[in-house]
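Shown next, in structure tokens, is the structure this report addresses.
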Amino acid sequence: MQNERYDVKIHNKIQISKNTILLNFKFINNKDFEAFNFIAGQFIQIFFVIDGKEYRRSYSIANSPENFKQAHSLEIALSFVEHGKASELFAKAEIGTRIQIRGPFGLLTLPKAVSGNLIFIGTGTGLAPYRSMLQNLTADFLNNHSATIVSGFRYENEAIFQQEFNSNDNIKKIVCLSREVNIKSQHAVKGRVQHAIKLLALNHKTDTVYLCGNPNMIDDLLVYFKSLNFTSKQIKREKYIYSGH
């Protein structure tokens, strides 16, 4: 039930980049865990109270449905924002801290049938739904379809999930670093994802494009892909609108 709230607690906190943590939640009630189901790529809403005022934030689920059921835990990626409410809360929150969640929501999911290539484009924590999706893709699928993930960050020390992505040889990787001076990372290039995408050979008749993260990036590439005759059905997107975090 999307409108139902579930009580969860922080099970683990892992620093995965200079400014990002991976939060691991476990359900308080086992019946809630059994009732919660999602599709790779969807997001949840998180509710928390500070000084008597309730706040709500949305985060993509970073692990796959299969991993969720096996580990009995839900994962999200959170980037710290100066003076952000959620940032301040989770930076200090201890293991066992309780909050509420609601969901799942969203249509940024894999197509039921794939005829061409999949291109996943994301900036910052906009890579979280792709981590969920790629965990969900079987080796057989990747042997028969091309999947490319294009990541965008300012600096190398802000990059997330790259080790996991790099461990899968069936996935093509491009890491775009907009402000890094001395690039050392594998698959990394200087510039923004908008520039790297234009170097790819794309087929507007069969390929499916995913856009998640910075709203300006999404708006720019939406115009670009439509200029290549991609239809709305072939472009799936999720904007991360700044809300003070």
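When the Cα convex hull of segment 5-105 is projected onto planes of every orientation, the mean area is 6.2 nm². Take every Cα pair under 8 Å whose residues are at least 6 apart in sequence, average their separation, divide by the length of segment 5-105, and the relative contact order is 39 percent. Excluding same-chain neighbours fewer than eight residues apart, the lysines reachable from K236 by a Cα-Cα span under 16 Å are K112, K205, K226. With the Kirkwood sum run over all distinct C-alpha pairs, the chain has a hydrodynamic radius of 18.6 Å. With contributions of -39500 (n - 2.57) from each DSSP H run of at least four residues, the per-residue ellipticity at 222 nm computed over the chain stands at -6000 deg cm²/dmol. Taking GluC sites (Glu not before Pro) across segment 85-164, the ones in a DSSP loop with at most 16 further Cβ atoms lying within 10 angstrom of their Cβ are E94.
Based on alpha carbons, the Rg and Dmax found for segment 106-223 are 13.6, 41 Å.
Every read-out reported here was derived from the displayed coordinates using simple, explicitly stated rules and does not represent laboratory data. No experiment lies behind these values; they were computed from the predicted model shown. Positions of Cβ are generated from backbone atoms using ideal geometry, with glycine treated the same way; all protein chains shown enter the neighbour counts.
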